[in-house]
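The values are calculated or read from the model by the stated rules, or taken from the named source; none is laboratory data. Everything quoted here is computed from the prediction, not taken from an experiment. Note that each Cβ is placed from the backbone with ideal geometry, even for glycine, and that neighbours are counted across all protein chains shown.
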Amino acid sequence: MFFKRFKIRSYEVGLLFRDDEFLGLVPAGSHWFFDPLGKVRVDVVSQRDPWLVHEKLDLIVKSGALEGRAIVLDLKDHERALVWIDGRFSHILPAGRYVYWTGQKEVRAEIIDARKVRFEHEQFKVIVRSTMAARVLDVCTIPRDRAGVLFIDGRYTDTLEPGEYAFWKGPAEAKVAEVDLRETMVDVGGQEIMTADKVTLRLNAVVTYRIADARRAVCRTDDVRQALYRETQLVLRGVIGARELDPLLTEKDAVGREIEENVRRRAGELGLDIASVGIRDIILPGEMKELMNKVTEARKAAEANLIVRREETAAIRSQSNTARLLAESPVLMRLRELETLEKIAATGKLNIVLGGKGSEERGLVDKVINLL
């Protein structure tokens, strides 16, 4: 009754304690210990699970009994460990003390300095998808057609291409601001602007842009889209407000080019590349529309009247020229008379009735008879 028997299998190890003090390892086999006071304890652990977890691990490590039997990792605050078991990646370890048995399985550990915040490794994808990775790594994925602006402890570090990235937790704070590099449209609508001649109109414009400098777009303003919207508003008010209504309507393309130049200059400071700026609609007040319609109607009526008068003048001038030619050339006059009679005769029966007995009437009859 004063002895205790412990049986240790071939794949097990016994941890011998007396009065809570670690005394050493107990190998495989059956072992008897004299313990009249009940202070002897043997904790049997399996080496099939190579990770040794024990409440008195610090005492076991300090005793030196694990030398040649296990791998001891004592990771500082800035260190992390990558653990492979039997050639396959198993898990990531944060700072702390760890022990792995080497008797049953092949264990390999790689110590990483986490002060280099960005984690890079040839087996990156396997490692970041493993168990415990989320405890020590912040993993982010930047999709296609986007870029990531990396800040470490609030300072710009790098601009990341599309892909997957990981950063160690703890030593520093890493933050990635994602930026869309595709072309985007900003609709600047419903802008009420007063022209130089005191006419209030509503204007809708469209700006097409893309981000050319991701760092500048993130660092210069908190919201680059909203900043572009505000800058376009100011440019519209400056350009439209300096022109009267009639030149604005007749020189719409020139106004659009001036607006685009001003917006492009300011957008470049924000890291943007402007593809186009266009005025989509110019909406006049109701009474101004009626007035413009009346002006247009009067202008068209005047143009139509001018055209009619021009054509009448041309016709009179042509008739005058014809009369002068006929008066100057009796032969031409005779030909014209024959053409006229031919046209009349072609239309049907020709009846000529002449009356009177005077000499003048008789002379007219003779002329017609001679003409026929």
If we scan the range 264-283, do we find a residue that is out of contact with any His (no Cβ under 8 Å at 6 or more places or on another chain), more than 15 Å from VAL207 (Cα to Cα) and at pLDDT below 85? yes
Step by step: first the residues of the range 13-24, then only those that are out of contact with any Lys or Arg (no Cβ under 6 Å at 6 or more places or on another chain) and surrounded by fewer than 18 Cβ atoms within 10 Å (Cβ to Cβ), then the one that is nearest to TRP101 (Cα to Cα). Which residue is that? GLY24
Residue in the range 240-256 that is part of a strand (DSSP E or B), touching a strand residue (DSSP E or B) at 6+ places or on another chain (Cβ under 7 Å) and outside the structural domain of ARG118 (by TED's automatic domain parsing) present: no
Could you list all residues from the range 322-333 that are loosely packed, with under 10 Cβ neighbours inside 10 Å and of a type outside the set (A, V, I, L, M)? GLU328, PRO330
Any chance the range 295-305 includes a residue that's surrounded by 12 or more Cβ atoms within 10 Å (Cβ to Cβ), modelled with pLDDT of 75 or more and of a type in the set (D, E, K, R)? no
Mind checking which pairs have a first residue in the range 302-323 that is closer than 22 Å to LEU335 by Cβ and a second that is assigned to a helix (DSSP H, G or I), Cβ under 9 Å, 6 or more apart or different chains? THR322/ARG336
Could you check the range 21-92 for strands (runs of 3 or more DSSP E) lying wholly inside it with 3 or more residues that are aliphatic (A, V, I, L, M) and modelled with pLDDT of 90 or more? 21-26, 40-46, 70-75, 79-85
Select from the range 28-47 the residues that are surrounded by 11 or more Cβ atoms within 10 Å (Cβ to Cβ) and more than 60 Å from the chain's Cα centre (by Cα) and list them in ascending order. ALA28, GLY29, HIS31, PHE33, ASP35, LYS39, VAL40, ARG41, VAL42, ASP43, VAL44
Quick check on ASP153: is it closer than 20 Å to ASP273 by Cβ, exposed (fewer than 13 other Cβ atoms within 10 Å of the Cβ), of a type outside the set (Lys, Arg) and outside the structural domain of VAL277 (by TED's automatic domain parsing)? no
List, please: which pairs have Cβ atoms under 6 Å, are six or more places apart or on different chains, and start with a residue in the range 37-57 that is without any contact (Cβ under 8 Å) to a residue 60 or more places away in the chain and end with one that is assigned to a loop (DSSP other than H, G, I, E, B) and not hydroxyl-bearing (Ser, Thr, Tyr)? LYS39/ASP19; GLN47/GLY103; GLN47/GLN104; ARG48/GLN104; PRO50/LYS105
Report yes if LYS125 is assigned to a loop (DSSP other than H, G, I, E, B), on the phi < 0 side of the Ramachandran plot and either out of contact with any Asp or Glu (no Cβ under 7 Å at 6 or more places or on another chain) or not acidic (Asp, Glu) (or both), otherwise no. no
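Matching residues to (1) of a type in the set (S, T, N, Q); (2) at pLDDT below 95; (3) within 24 Å of the chain's Cα centre (by Cα); (4) not in a strand (DSSP E or B):
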| site | (1), (2), (3), (4) |
| --- | --- |
| CYS140 | no, yes, yes, no |
| GLU178 | no, yes, yes, no |
| ASP187 | no, yes, yes, no |
| LYS198 | no, yes, no, yes |
| ASN204 | yes, yes, yes, no |
| THR208 | yes, yes, yes, no |
| ARG215 | no, yes, yes, yes |
| ASP222 | no, yes, yes, yes |
